[in-house]
1. Report whether or not residue 349 is farther than 30 Å from residue 243 by Cα and assigned to a loop (DSSP other than H, G, I, E, B).
2. Somewhere in segment 254-277, is a residue within 30 Å of residue 371 (Cβ to Cβ) and within 16 Å of ligand 2 (Cβ to nearest atom)?
3. Consider residue 14 carefully, then state whether it is in contact with a helix residue (DSSP H, G or I) (Cβ under 8 Å, 6 or more places away or on another chain) and modelled with pLDDT of 80 or more.
4. Could you grab me the full set of residues in segment 208-219 that are surrounded by 18 or more Cβ atoms within 10 Å (Cβ to Cβ) and away from ligand 1 (no atom under 16 Å from the Cβ)?
5. Can you tell me which residues in segment 83-123 are closer than 22 Å to residue 230 by Cα, away from ligand 1 (no atom under 16 Å from the Cβ) and not in a loop (DSSP other than H, G, I, E, B)?
6. Within segment 163-183, restricting attention to residues that are in a loop (DSSP other than H, G, I, E, B), under 26 Å from residue 217 (Cβ atoms) and at pLDDT 90 or above, which residue is nearest to ligand 1 (Cβ to nearest atom)?
Ligand code: TYD
Ligand code: MG
């Protein structure tokens, strides 16, 4: 047999290289590439017999196609991001930074599911059974029938699950602790993580259980990150949040059985995560309405409107190259708005440091926030506070035009509900019902907005 060539795998994104390199070209991370045994987990074993399959019709002749059978968790924010509950026979990855609250969330979900009569097994490779039990007690989940197993070997886990005749719901916490006898690299490497995840996914498909794999986002190149199994699972959820803030957002990144633009919002407490049904109230909770440089953006997350404050600070720079620092928004997009302000509106920011922050550690992904960001920047530069009861939304094009965005009506309704009486939006926002008090201000161009703020 020819000698297998060494291969090198990035532990962050799974890219494969023929030789070692300090930086991964695929994901840009440093020191994440390690040597990997290419034959591990494949071949080696006895020759497998070929088996003939029988293709089936895409649309069955009799009856309708059933919806994916779902297991609802009773946690509305969690069901929202999964698209109505966990799907039987599917595997879901829940990723997030260590300590962000993944185990807490899943223990709460496990307890809720078991109270609804589902059989749930929580496989913990990180904590001993006693520790998991303590956590469950703190979360008020100790009275549930969740079964615990502290295992890390994949074959042992599968044997344990087999013994417990068809659990409905299995949580594996975490994939980085999994190791298989059939892969001969160290636990935590891409090969082991993939082999382990593959085995759990196969288990889900074969038995019809819903499997949730927990994956830590790793900064250290020696341990594989959750991205290396993203393509294998049916759904990917990321749990994110700022350590300085007490709420957490569960975001769908991939979902074969539901929408991918939903978020679930939770608030951390001593007794675990609490659902936040109206995130806008939370994000706007700590507003200082009289401060210059703050604008409220009426955003959308999937089907849900979310109001959030964006804060800008523009100050004369002592540096040759002024600073631009952004938290919660795309820095390339900020550069674009600064350029449009400069070229089309005569707002000179080339000698100013610009700091931009989205309140509460929230992250905005929509271009619809352009107008709110521009308003905050101009307000800070002019030193004039914006009206406290006004929301802004609209996309800014390179020509300085303000373009309409989707879901105008929903955004306005949410703003109204929260006591905002004014809105600044694109003049092209068609088919809006007439509003008697006429407090929706339409702007065609960014310069209209600048004129409005700076007088
Ligand atoms: P944990 O769920 O263990 O995080 P992960 O599994 O993502 O690493 O939570 C980390 C710590 O935060 C843990 O000590 C418990 C604490 N915590 C709370 O006290 N309340 C909460 O609502 C959450 C989510 C966590
Ligand atoms: Mg954990």
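1. Details: farther than 30 Å from residue 243 by Cα: yes; assigned to a loop (DSSP other than H, G, I, E, B): yes.
Considered against the rule, which asks whether it is farther than 30 Å from residue 243 by Cα and assigned to a loop (DSSP other than H, G, I, E, B), residue 349 comes out as yes.
2. yes
3. Numbers: in contact with a helix residue (DSSP H, G or I) (Cβ under 8 Å, 6 or more places away or on another chain): yes; modelled with pLDDT of 80 or more: yes.
Yes.
4. We begin by selecting, within segment 208-219, every residue surrounded by 18 or more Cβ atoms within 10 Å (Cβ to Cβ); these are 209-216, 218.
Result: 209, 210, 211.
5. Listed by number, the residues that qualify are 86, 87, 91.
6. To start, the set of residues in segment 163-183 that are in a loop (DSSP other than H, G, I, E, B) comprises 164-168, 174, 178, 180-183.
When the remaining residues are screened for being under 26 Å from residue 217 (Cβ atoms), the result is 174, 178, 180, 183.
Within this subset, residues satisfying the condition of being at pLDDT 90 or above are 178, 180.
Numbers: 178: 16, 180: 23 Å.
Out of the qualifying residues, it is 178.
Residue-by-condition table, conditions (1) within 23 Å of residue 307 (Cβ to Cβ); (2) within 16 Å of ligand 1 (Cβ to nearest atom); (3) outside any strand (DSSP E or B):
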| residue | (1), (2), (3) |
| --- | --- |
| 236 | no, yes, no |
| 240 | yes, yes, no |
| 244 | yes, yes, yes |
| 252 | yes, no, no |
| 259 | yes, no, yes |
| 265 | yes, yes, no |
| 268 | yes, yes, no |
| 274 | yes, yes, no |
| 281 | yes, no, yes |
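For every residue, the table says whether it meets (1) farther than 30 Å from residue 412 by Cβ; (2) at pLDDT 90 or above; (3) assigned by TED's automatic domain parsing to the domain that holds residue 32.
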position	(1), (2), (3)
217	yes, no, no
223	yes, no, no
250	no, yes, no
288	no, no, no
303	no, no, no
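The values are calculated or read from the model by the stated rules, or taken from the named source; none is laboratory data. On a predicted model such as this, the values are computed, not experimentally measured, just so you know. Here the Cβ is made from the backbone with ideal geometry for all residues, glycine too, and neighbour counts use every protein chain on show.
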